[in-house]
Amino acid sequence: MAQPIPFSRKTGAARARHDKAMLLPIARQVADDLALRVHLALDALRRGAGSTSDAQTLTQVMLLTGFLAESGFGSTTGEKIGAAERAVSAVFDTGRETGEWRLDSAGFALFAEIASDYDRQLHSAPLWAITDASERLDRFTAGLSYQMPVRKRA
């Protein structure tokens, strides 16, 4: 028996709206909510009242900010990401050993810069860049290759 040909259910107009939306930043309220979670986690770790979840949030934001910067959105450098990785690693080590989840002052200053850059990225980067960064984070956490694919130039 012949198989039906799968047609896209999206009309040309719907596809055009989707493509246009991918070029725009995410909604301001969504960006504000995402940024607030990061700032709350950062504050909790600064005060020594943090948790595993707060350290994980900062780790995810560190990676997302780095991925977005690699795509041309943001000013976070590889050196800054490396220093932040060492700082959050120390938080995880101390937290597991003592139960106190705290960022030292240097780590706080570093993550405050990263959180500010992430906030700016959420408010200005197009949806396609945020989606790509999020997909890279998902691949990273799954243990898969998370490197940016090489895009062909016309």
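A short reminder: the numbers here are calculations on the coordinates, not readings from a lab. Being a predicted model, the structure only gives us computed values, none of them experimental. All Cβ positions, even for glycine, are placed from backbone atoms using ideal geometry, and neighbour counts span all protein chains on display.
Once you keep just the Cα pairs under 8 angstrom separated by 6 or more residues, what percentage relative contact order results for the stretch 22-133?
Working: 142 pairs, mean separation 48.3, N = 112.
Computed value for the stretch 22-133: 43 percent relative contact order.
³J(HN,Hα) across the stretch 76-82 via Karplus (A = 6.51, B = -1.76, C = 1.60, θ = phi - 60°), whole Hz, x for Gly/Pro?
So the Karplus estimates, Gly and Pro as x, are 5, 9, x, 5, 5, 5, x Hz.
Go ahead and estimate [θ] at 222 nm for the chain from helices alone: -39,500 (n - 2.57) per DSSP H run with n ≥ 4, summed, over the residue count, rounded to 500.
-23500 deg cm²/dmol
Order of Trp128, Trp101 from fewest to most other C-beta atoms within 10 Å?
So the residues, fewest neighbours to most, are Trp128, Trp101.
Round to the nearest 0.05 the FRET efficiency obtained for Arg47 and Ser134 when R0 = 25 Å and r is the Cβ-Cβ distance.
0.30
Counting Lys +1, Arg +1, Asp -1, Glu -1, what net charge surrounds Gly78 among other residues with beta carbon under 11 Å of its beta carbon?
So the surrounding residues net to -2.
Tilt of helix 127-141 relative to the longest C-alpha principal axis of the chain, in degrees (0 to 90, nearest 10)?
60 degrees
Inverting the mean 1/r over all pairs of different Cα atoms, compute the Kirkwood radius of the stretch 35-90 and quote it in Å.
Roughly 11.6 Å, rounded to one decimal.
Of the labelled options (1) 23, 19, 15; (2) 35, 17, 16; (3) 32, 17, 13, which one gives semi-axes √(5λ) of the Cα gyration tensor in Å as computed for this structure?
Computed from the coordinates, semi-axes √(5λ) of the Cα gyration tensor in Å corresponds to (2).
Mind checking the angle between helix 28-47 and the chain's longest principal axis? C-alpha axes, 0 to 90 degrees, to the nearest 10.
Long axis of 28-47 versus the principal axis of the chain: about 20 degrees.
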